[in-house]
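What follows is a single structure, written as structure tokens, with notes after it.
The values are calculated or read from the model by the stated rules, or taken from the named source; none is laboratory data. No experiment lies behind these values; they were computed from the predicted model shown. In this analysis, Cβ positions are derived from the backbone assuming ideal geometry, glycine residues included, and neighbour counts consider all displayed protein chains.
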Amino acid sequence: MKRLYFSAALLGFAMSMSAQSSKVEMDRFITDLMVKMSLEEKIGQLNLASNWTYVTNATLSEEDKAIQQLKDGQMGAFYGFTNQEMIRQLQEIAMKGKHKIPLMFGNDVIHGFETTYPIPLAISTTWNMDLVEESARMAAREATSVGINWVFSPMVDICRDARWGRISEGGGEDPYLGGEIAKAYTRGYQGDDLSADNTAMVCVKHYALYGGAEAGRDYNSVFLSRQEALNGYMNPYKQAAKEGAGSYMSSFNEFEGVPATANHYLLTEVLRDQWGFDGFVVSDATAVNEIVAHGLGDQQEVSRRALQAGLDMDMGSNAFVSTLKKSVEEGKVSMVDIDLACRRILEAKWKLGLFQDPYKYIVPDRDKKEIFNKEQLEFARRIAQESQVLLKNDNNILPLKKDAKIAVVGPFANVASEMQGAWSMSKHANQFVTILQGIKEAVKGGTVTTCEGSWVLNDKNLEESVRYGLMKMFAPNMPTPPIHTTPQEDLIAEAVKLAKEADVVVACVGELNNMTGEGASRVDITMPDAQQDMLKALKATGKPIVVVLTTGRPLVLNWEKENVDAILNTWALGAEAGHAIADVLFGDVNPSGKLTTSFPRHVGQLPLYYNHKNTGRPHPDYEPYRKFVSTYMDVVNGPLFPFGYGLSYTTFEYSDVKLSANQMNQDGKVTASVTVKNTGSRQGKETVQLYIHDVYSTSTRPVKELKGFRKIDLQPGESKTVEFELTADDLKYYDHDLNFVCEPGDYEIMVGPDCEKLSKAVLNVK
Ligand code: NOJ
């Protein structure tokens, strides 16, 4: 035992020596290189560009400005290229340059690459960090096979307002869970060896606080105190830095009156000085130029401010390459500023191993073998099975019998590409498995009928612009099939007819891919009107209705909760959606997803989040209106479905929470434990959640805060005791002076299946 310890220590020492010597080697290499580089060439490294027309057009154009810039040593990296041959050609041009500095290739690999996995919000509802990590590792394998070595992921913006379309891209409303997710993605993409040919550097985004956009309107200003920002939003960004994230992307929003892209407090004081991040920061697309619209100066001035605030690379503005040389000549920017940014970018290239072998990812046919292969599709199905949340299941209508007569109706029943969700640009999208296909393959002895059932939205112009707006911008020559060609009454009549002939109706309804994601905020987040009309007509048939919901955000589902028999929230599940949905609908897989965002009863409640403050006049979440307390007249405070909630086909019973001691010193440890029993007749997975509440503190604290969770698997009748070890670190928060402290006093420790059904014990901290 002793010898083992001795050799492990020696190994650790040897590893840290080798890390040090490779750092020395890297520093020496980059210093030697930078001595030879001109000012223009250094500024060139700070430039990142794309040309989206290449996504559809497979050949590089010599006339393209970005290609010219590359030849002139004015380009450090490209993004958006997904074609191995094109990436090789661009790298060849770079390697013909005077100093042979390789390019990095970035891309929006958000939830899988060509094999699309569930949207990140759906993945977060697995509460399974091994799966999160695996999704990143699998995506990196696929993406690197074409030469991409830098992924614009994870997106870890906390969001409390479902109007914001980008809520679909993140991990929900909780900063602790968000932090665990950020670490898992970072580990998955970067692996143990960033220079391997199947790992990629992460770009943590959008730094910072982008999800706090006022009124849920995209790109909008963020008004948060530093204390609330640090306590409620920043943990995911912080955890990614601690996990060794290689780069960050600054966000579009302003914070404290300064756009994040030029915000010294965020980019330097917090990220680098407090968290020790030593990689580079890239702006979001055109964000440097956008600081002009924010009103901070002309292009030259905003470029100076951004660089000096701690921004290293300019995405898509061409602002650094257009102005920084002049600023140096005028004495507004120093060579030290330029060198620092340039060095950080060259270091990233070194860490990726690009100076050793700029073509290492690009192995002929590797992409053909890696992309959309069997292993990828098996994984896509497995993760999609676990990313579904069962919101309602009256009279155990689910699981369905495989020999039933099933009517599968609705505009999402059979559209492969709508299984993608936002931020998927897969060229395989028309091969994704639809809900109808999944159900048809699963039935045994039953019958399946189907129809479109309804339009998506009654407003034709709006539906057209939602469907085709993005395509018209980036691929104007793509055909846009006409919509609303069949009258809505006829579509509904057909659905009603099929429902009457069936035992059960599976209604496939929800939001189009483009109704969430970037620039896709909504003020009305109820079920889109045309589809609710269909649901109402189906209800009138008296047949049982199972809603299979496709959505990228929490929706207001009051009518559905009242009127349908079951609601399975499937978000957008990606390439294997239909198979995974059928697996759950027919009970081959027991659903185990739990919400990571509160589902509101009314849009007027937003922002809505479980970890809110108490106020001086609190009012219980589900009690009706009363005067002079903090509530609304027309709706209760509580959500329709709370954070942490999700049903299973089995049932779980929780014992009361027990503490190993009722007191703890600042350097001590206490274990909270609870026993969970599967009291139903099926195997099932359950996520056990631990929350705390600081009873008295020097600043106000949330009514509860998640601080731990475990996902366990139980056979019928089986019990497991789940233990959570608590230390002062778990109880720390940023106090009024922004010190990260655990204040002495009583803490309520609460454990249960969601944020509401909790048993409580009290821990006193000395
Ligand atoms: C803008 C988006 O905000 C960001 O998430 C994305 O990575 C970049 N564009 C690049 O496509």
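Go through the residues of segment 108-117 one by one and say whether even a single one is among the hydrophobic types (A, V, I, L, M, F, W, C), within 15 Å of the ligand (Cβ to nearest atom) and over 27 Å from Val433 (Cβ atoms).
Going through segment 108-117, the residues among the hydrophobic types (A, V, I, L, M, F, W, C) turn out to be 109-110, 113.
Checking which are within 15 Å of the ligand (Cβ to nearest atom) leaves us with 109-110, 113.
Right, trim to over 27 Å from Val433 (Cβ atoms) and you get none.
Checked against the condition, which is being among the hydrophobic types (A, V, I, L, M, F, W, C), within 15 Å of the ligand (Cβ to nearest atom) and over 27 Å from Val433 (Cβ atoms), segment 108-117 yields no hits at all.
Can you tell me which residue is nearest to the chain's Cα centre (by Cα) among those in segment 69-107 that are within 14 Å of the ligand (Cβ to nearest atom) and of a type in the set (S, T, N, Q)?
Step by step, filter segment 69-107, then rank; the result is Asn107.
Name the residues in segment 631-662 that are surrounded by 13 or more Cβ atoms within 10 Å (Cβ to Cβ) and either more than 31 Å from the chain's Cα centre (by Cα) or over 24 Å from Thr570 (Cβ atoms) (or both), would you?
Step one: list which residues in segment 631-662 are surrounded by 13 or more Cβ atoms within 10 Å (Cβ to Cβ), which gives 631-632, 635-652, 654-655, 657-660.
Of everything in segment 631-662, those that are surrounded by 13 or more Cβ atoms within 10 Å (Cβ to Cβ) and either more than 31 Å from the chain's Cα centre (by Cα) or over 24 Å from Thr570 (Cβ atoms) (or both) turn out to be Thr631, Tyr632, Val635, Val636, Asn637, Gly638, Tyr654, Ser655, Val657, Lys658, Leu659, Ser660.
Could you please let me know if Val333 is within 30 Å of Asp192 (Cβ to Cβ) and either within 16 Å of the ligand (Cβ to nearest atom) or touching a helix residue (DSSP H, G or I) at 6+ places or on another chain (Cβ under 8 Å) (or both)? Can you show your working first?
On the way: within 30 Å of Asp192 (Cβ to Cβ): no; either within 16 Å of the ligand (Cβ to nearest atom) or touching a helix residue (DSSP H, G or I) at 6+ places or on another chain (Cβ under 8 Å) (or both): yes.
So Val333 does not fit the description; no.
With acidic (Asp, Glu), within 14 Å of the ligand (Cβ to nearest atom) and at pLDDT 95 or above as the only criterion, which of Glu142, Glu243, Glu169, Glu214 stands out? Walk me through how you get there before you give the answer.
Numbers: Glu142 fails: within 14 Å of the ligand (Cβ to nearest atom); Glu243 fails: within 14 Å of the ligand (Cβ to nearest atom); Glu214 fails: within 14 Å of the ligand (Cβ to nearest atom).
Only one candidate qualifies: Glu169.
Being within 16 Å of the ligand (Cβ to nearest atom) and assigned to a helix (DSSP H, G or I) is the filter here; which residues of segment 513-541 pass it? Steps first, please.
Of all residues in segment 513-541, those within 16 Å of the ligand (Cβ to nearest atom) come to 513-514, 516-521.
Once the filter is applied, which keeps residues that are within 16 Å of the ligand (Cβ to nearest atom) and assigned to a helix (DSSP H, G or I), segment 513-541 yields Asn513, Asn514.
I need a count of the residues in segment 239-260 that are buried (at least 21 other Cβ atoms within 10 Å of the Cβ) and not aliphatic (A, V, I, L, M). Before you say what the answer is, go through the steps one by one.
From segment 239-260, those buried (at least 21 other Cβ atoms within 10 Å of the Cβ) are 239-241, 245-255, 259-260; that's our starting set.
Checking the rest, the ones that are also not aliphatic (A, V, I, L, M) come to 239, 246-248, 250-255, 259.
Number satisfying all stated conditions: 11.
Being among the β-branched types (Val, Ile, Thr), part of a loop (DSSP other than H, G, I, E, B) and away from the ligand (no atom under 15 Å from the Cβ): is that true of Thr199 here? I'd like the intermediate steps shown before the answer.
Working: among the β-branched types (Val, Ile, Thr): yes; part of a loop (DSSP other than H, G, I, E, B): yes; away from the ligand (no atom under 15 Å from the Cβ): yes.
In short, yes.
Looking at segment 443-451, is at least one residue at pLDDT 95 or above and surrounded by fewer than 13 Cβ atoms within 10 Å (Cβ to Cβ)? Spell out the reasoning first.
Initially, segment 443-451 is screened for residues at pLDDT 95 or above, giving 443-451.
Checking the rest, the ones that are also surrounded by fewer than 13 Cβ atoms within 10 Å (Cβ to Cβ) come to 444-445.
Within segment 443-451 (the criterion being at pLDDT 95 or above and surrounded by fewer than 13 Cβ atoms within 10 Å (Cβ to Cβ)), the answer is yes, since at least one residue qualifies.
Output the residue which, of all residues in segment 145-166 that are out of contact with any Phe, Trp or Tyr (no Cβ under 7 Å at 6 or more places or on another chain) and basic (Lys, Arg), is farthest from the ligand (Cβ to nearest atom).
So the residue we want is Arg163.
Is it fair to say Tyr248 is part of a strand (DSSP E or B), at pLDDT 95 or above and closer than 20 Å to Ala306 by Cβ? Steps first, please.
Numbers: part of a strand (DSSP E or B): yes; at pLDDT 95 or above: yes; closer than 20 Å to Ala306 by Cβ: yes.
Yes, satisfied.
Quick test of your reading of the structure: Tyr691 fulfils all but one of (1) assigned to a strand (DSSP E or B); (2) out of contact with any strand residue (DSSP E or B) (no Cβ under 8 Å at 6 or more places or on another chain). Name the failing condition by number.
(2)
So in segment 124-139, with the set limited to residues that are touching a helix residue (DSSP H, G or I) at 6+ places or on another chain (Cβ under 6 Å) and of a type in the set (Val, Ile, Thr), which one is nearest to the ligand (Cβ to nearest atom)?
Val132
Under 6 Å between Cβ atoms, which residue pairs at least 6 apart in sequence (or on different chains) link something in segment 507-533 that is under 26 Å from Ile110 (Cβ atoms) and of a type in the set (Ser, Thr, Tyr) with a partner that is at pLDDT 95 or above and not in a loop (DSSP other than H, G, I, E, B)?
Going by the 6 Å Cβ cut-off, the qualifying pairs are Thr516/Gly165; Thr516/Ser168; Ser521/Gly165; Ser521/Gly216.
Which residues, taken from segment 435-449, are closer than 15 Å to Asn414 by Cα and of a type outside the set (Gly, Ala, Ser)?
Ile435, Leu436, Gln437, Ile439, Lys440, Glu441, Val448, Thr449
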